[in-house]
Amino acid sequence: MAYDRLADAIIKHAKLILVAWIVILLVAAVPAINAFSNMSYDMNEMGIDESESMKGLEIIGTYFPSSDADASALPMLVVGYDDAEEHDQALAIVSALQEKRGEFFVYTDEDGTIHEKISSISAMMDTGVTNDPETGEETIVPGILVLSLSYSSDWTGNVIDDTPVLRDQIAAALADYETENNTEFTLSTYLTGNPAVSYDMENGAMEDISHIDIFTVLMILILVGLFFRSFITSAMPPVTMGVAFAVTMGLIYGLMYFMDIFFITEIMLLVSMMGAGCDYCIFILARYREERRDGKDHHAALHSAIKWAGESITISGASVIIGFGAMSICSFSMISTMGICLALGIIIALLAALTFIPSLLEVVGDRIFWPTKMKEYEEGGKATRGWFAWSSRVGHKYFDISSKFTLKHAKAIAIVAVLVTVPAAYVALESDTSYDMTSSLMTGDSEKGMDLIGEYADQGMIYPNYVLLEYDEPVATVDIAYDITGQPAGYTLTWNDNWLNNQKQALQEMSSKFQEDENITSVLTPYEWSDVIAASGQNVDISMSDLIALASTDPMAALSYLNAAQAVVDYAQQNAYATVAIVLENMFPAMVQEYRANLEAMLAMSGSDITIPEFLKDPIATFMLVTSGGASIDYIVNSNLGYIGGDFANSETGTGNVTYVKVSASTHEAAMSQRSMDSIAYMQNVVNDVTGSMVGVTATWVTGTAVVMYDISEIISGEFTQIEILVVILIIILLFFVMRSYTIPLRSVATILMSICWTLAATHLIFGDEVTWLIPLILLVICLGLGMDYDILLTTRIKENVRAHGMSNDEAIHHAVVHSGSVITICGLIMGGAFGTLMLSSMGMLQQFGFALCFAILCDALIVRTYIVPAVMHLLGDWNWKGPRFLMTKAEREQLDQKKSE
């Protein structure tokens, strides 16, 4: 047999195998360390390349200018308040930060020069300010004040990595203001937004791993130590899996050159290898100890442990690898890469359990169980007295009684199992799930800030949805702007007739239809300054030459036009959406100064005696901005917010045609809530309806982070049905050839599906509609693999008893349950506990994974394998062992022929 040869090779080359593992560990150490810092935390990177939403994001990245002023890219500071007094304090916080901006929000370049890092701190919304419906007076109700922090264009750092620095700078600026003004801010501030969310995910994941590491290892040490009465033995499985984990992470670092690997993979890999891998190690150690207690010498016991336990864990590991490996065919890269990495991890864990542990046993021998000695298990020895002997007798008696009870009441147990499974399956199939993966992974201050935004404002503003339209003819052109001296002065955006007479109206129709959905609270289309002037109702209809002449002769008469121009600017800022208002606030002061310089240059070049009072120069510059700066304003706003795209974005001169337009739509509820997912479907229908009658539209895309998740869920739900079928078929084939039985594979899959139904029902009952849509899909695949562990460990022992030792079916079942019940239970507690440590995570989705996998493993180990599997195998009787003749060994064929002859 293969395992006989494996056992001989390990016994012969044990020291060489240990040295090889140490060398492999040293080689993998540095890549493994680097792998931790190269995990992906961006959900957009995990999308399906062929989906419409991912193609849309690719278009944005290729043909649109950077949109750093978009709400999804800005850090936001959220301050909550309950009454007027706290609202005044919130406003004071705004003033303090704006006052201290130039002093505290800075960075130092390579030359040691200090520069401003934050170019502006602006109020995006103040939700608690309202008017009394009876008196019309302003009143303050509980709400939030949201500030946006815009980075300077000269700063080249990473916005996500700057999150902790920015938080420290905010705290330092407020503390300094408190000291200077002898005041105290009692309100909490929360830095959130996409960069902060990404940073907190990464930081939270690292903290979670540190907690999970400690609790998992402690749990394994305690349980294994109690089981073997040895702290040396208890250290061997986690040490072995630690080596295997490091080697796996080193290999994963190599995979990172070819694929993005999401950070959840690292956490799932750790608990999977610690859970399943430690089980494999324990099964080898326990079988070796059992053989030694039965009187075999060291080499014979080790050979037997490798032969029989090695076969069991290999089959078990193969089923787990099938479950994880099948996930690799999913088109959602987060799942496919997770499947590849988890399958790789189980392969390395299995190799370590099959080679490292036996080699260690060969070199160390019985000393691995120190301070317990094998003679202590002899009659009258220490291990046959005291608490350990008592607990062993209790465990042996429990499994003896449970096995006899199961064999006696097999039909009743099977009926009860079915009666429990039917309603559980109904709950599992009919319960709703959540698309909101991002919220389920949030943690820290960014989560608290998002919760406040969700309570008092539109949480969907952080992850807006986008509609991209591509036109066959340009709708605008981008050109270089020149000042009065003929020097380049930025860019202009000029809308053409195709836009003004055709496409603009169709886009406005689409926007209006979007807002018929009550959950869609804001729809932003390309910005046009001419629309603002018209909407303001101000009269600025006077030529520049006439205004200058009037200002020089009758300044007070000119003020009516100048005040109208200022009113247009005020109207633009007061009525703009938050992100537009931020751009305008940053843009207007600089543009006014540019137009003032143009005004003075124009007066100097004219050579006339016209004199304009100093106090009118800035108002006239504002008038010039309003009346002649529209093309520049349109370019600055639309390019900053990424509403226009085309060949100009990649042009060396920055000029060219606009052939793409982007529409942004934000939702009131969280961007990935079920209600917002319904809004995405509604938007897609509107786009199809409106663009179907539009002339000149080449293509459309609906995209954004939430849309990516919507597309993923729609695509992979169908894929997972295929994956689940594939896993079931492969596991049935594996068990068919290994067990050489027609019925065992079908029975194994049926009992696993039974426990999965129980688990899904319990998970939905505990977490309600917050269960992430991925949980049921992944759980089924993972449990089909992991859950097979205990079925295979028990069934292979029964098969050994029947075929190698000649026991009857019931005798084999009883013996296997009694002699492997304790080790299966301890393995189940370890694996279930390992996954259960995920419930310590600060992230909702990992808590759900932890509960579901822990519940499933414990159900399998403590209930299904102890009662249901023995009951069903008893009912099947000799049908358990009926299989194709060509798979039987020579001894089995002779035994079968003998039975037939009798």
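Could you check how many residues of region 218-239 are open to solvent by 50 Å² or more (accessible area, probe 1.4 Å) and either in a helix (DSSP H, G or I) or not basic (Lys, Arg) (or both)?
Step one: filter region 218-239 for residues open to solvent by 50 Å² or more (accessible area, probe 1.4 Å), giving 218, 221-222, 226, 229, 231-232, 239.
Of the ones still in play, those that are also either in a helix (DSSP H, G or I) or not basic (Lys, Arg) (or both) are 218, 221-222, 226, 231-232, 239.
The total comes to 7.
What residue, of 487, 508, 573, is in the same structural domain as residue 686 (by the TED database), in contact with an Asp or Glu (Cβ under 9 Å, 6 or more places away or on another chain) and free of Cβ contacts under 8 Å to residues at least 40 places away in the same chain?
On the way: 487 fails: in contact with an Asp or Glu (Cβ under 9 Å, 6 or more places away or on another chain); 508 fails: in contact with an Asp or Glu (Cβ under 9 Å, 6 or more places away or on another chain).
Unique residue meeting the criteria: 573.
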Quiz item: Which residues, counting only those in region 654-670, are surrounded by fewer than 23 Cβ atoms within 10 Å (Cβ to Cβ) and of a type in the set (Gly, Ala, Ser)?
Solution: 654, 656
Quiz item: Does residue 776 meet the test of being open to solvent by 10 Å² or more (accessible area, probe 1.4 Å), under 29 Å from residue 722 (Cα atoms) and not β-branched (Val, Ile, Thr)?
Solution: yes
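Conditions tested, residue by residue: (1) within 25 Å of the chain's Cα centre (by Cα); (2) farther than 27 Å from residue 199 by Cα.
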| position | (1), (2) |
| --- | --- |
| 52 | yes, yes |
| 65 | no, no |
| 79 | no, no |
| 97 | no, no |
| 109 | no, no |
| 128 | no, yes |
| 149 | no, no |
| 154 | no, no |
| 159 | yes, no |
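Would you call residue 629 under 25 Å from residue 536 (Cβ atoms) and either assigned by the TED database to the domain that holds residue 476 or not hydrophobic (A, V, I, L, M, F, W, C) (or both)?
On the way: under 25 Å from residue 536 (Cβ atoms): yes; either assigned by the TED database to the domain that holds residue 476 or not hydrophobic (A, V, I, L, M, F, W, C) (or both): yes.
Yes: the conditions hold for residue 629.
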Quiz item: Before we move on, is residue 857 within 42 Å of the chain's Cα centre (by Cα), among the β-branched types (Val, Ile, Thr) and open to solvent by less than 10 Å² (accessible area, probe 1.4 Å)?
Solution: yes
Self-check item: Some residue of region 536-543 being in the same structural domain as residue 692 (by the TED database), of a type in the set (S, T, N, Q) and at pLDDT 90 or above
Solution: yes
Exercise. Output the residues belonging to region 633-653 that are assigned to a loop (DSSP other than H, G, I, E, B) and either modelled with pLDDT of 90 or more or open to solvent by 20 Å² or more (accessible area, probe 1.4 Å) (or both).
Key: 643, 651, 652, 653
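Could you grab me the full set of residues in region 833-849 that are surrounded by fewer than 22 Cβ atoms within 10 Å (Cβ to Cβ) and either part of a helix (DSSP H, G or I) or of a type in the set (Asp, Glu) (or both)?
From region 833-849, those surrounded by fewer than 22 Cβ atoms within 10 Å (Cβ to Cβ) are 839-840, 842, 844, 847; that's our starting set.
Listed by number, the residues that qualify are 839, 840, 844, 847.
Can you report the number of residues in region 427-443 which are part of a helix (DSSP H, G or I) and touching a residue at least 40 places away in the same chain (Cβ under 8 Å)? Break it down into steps so the answer makes sense when it comes.
Within region 427-443, the subset part of a helix (DSSP H, G or I) is 427-430, 437-441.
If we keep only those that are touching a residue at least 40 places away in the same chain (Cβ under 8 Å) too, we end up with 427-428, 437-441.
Residues flagged as part of a helix (DSSP H, G or I) and touching a residue at least 40 places away in the same chain (Cβ under 8 Å) within region 427-443 amount to 7.
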Quiz prompt | Total residues in region 301-346, condition open to solvent by 40 Å² or more (accessible area, probe 1.4 Å) and more than 25 Å from the chain's Cα centre (by Cα) | solution = 3
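Matching residues to (1) outside the structural domain of residue 28 (by the TED database); (2) acidic (Asp, Glu); (3) in a helix (DSSP H, G or I); (4) at pLDDT 85 or above:
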position	(1), (2), (3), (4)
322	no, no, yes, yes
349	no, no, yes, yes
354	no, no, yes, yes
360	no, no, yes, yes
375	no, no, yes, no
400	yes, yes, yes, yes
407	yes, no, yes, yes
411	yes, no, yes, yes
416	yes, no, yes, yes
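What do you reckon, is residue 601 surrounded by fewer than 16 Cβ atoms within 10 Å (Cβ to Cβ), part of a helix (DSSP H, G or I) and of a type in the set (A, V, I, L, M)? Don't jump to the end; show me each part of the working.
On the way: surrounded by fewer than 16 Cβ atoms within 10 Å (Cβ to Cβ): yes; part of a helix (DSSP H, G or I): yes; of a type in the set (A, V, I, L, M): yes.
Yes, satisfied.
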Quiz item: With 756, 744 as the choices, which residue is open to solvent by less than 10 Å² (accessible area, probe 1.4 Å) and in contact with a Cys (Cβ under 7 Å, 6 or more places away or on another chain)?
Solution: 756
Quiz item: Any idea which of (1) β-branched (Val, Ile, Thr); (2) assigned to a helix (DSSP H, G or I); (3) touching a residue at least 24 places away in the same chain (Cβ under 8 Å) is the one residue 732 doesn't satisfy?
Solution: (3)
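Scan region 446-486 residue by residue and report those that are in a strand (DSSP E or B) and either open to solvent by less than 10 Å² (accessible area, probe 1.4 Å) or closer than 30 Å to residue 597 by Cβ (or both).
Here is the first cut: in region 446-486, the ones in a strand (DSSP E or B) are 465-471, 476-482.
Selection gives 465, 467, 468, 469, 471, 476, 477, 478, 479, 480, 481, 482.
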Practice problem: State whether one or more residues within region 671-687 are open to solvent by 10 Å² or more (accessible area, probe 1.4 Å), in a loop (DSSP other than H, G, I, E, B) and without any contact (Cβ under 8 Å) to a residue 24 or more places away in the chain. | Solution: no
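The values are calculated or read from the model by the stated rules, or taken from the named source; none is laboratory data. Keep in mind the model is a prediction, meaning the values are calculated, not measured. All Cβ positions, even for glycine, are placed from backbone atoms using ideal geometry, and neighbour counts span all protein chains on display. Note: accessible area is taken over every heavy atom of the protein model, side chains too, but ligands, DNA and RNA are not part of it. Shrake-Rupley method; radii C 1.70, N 1.55, O 1.52, S 1.80 Å.
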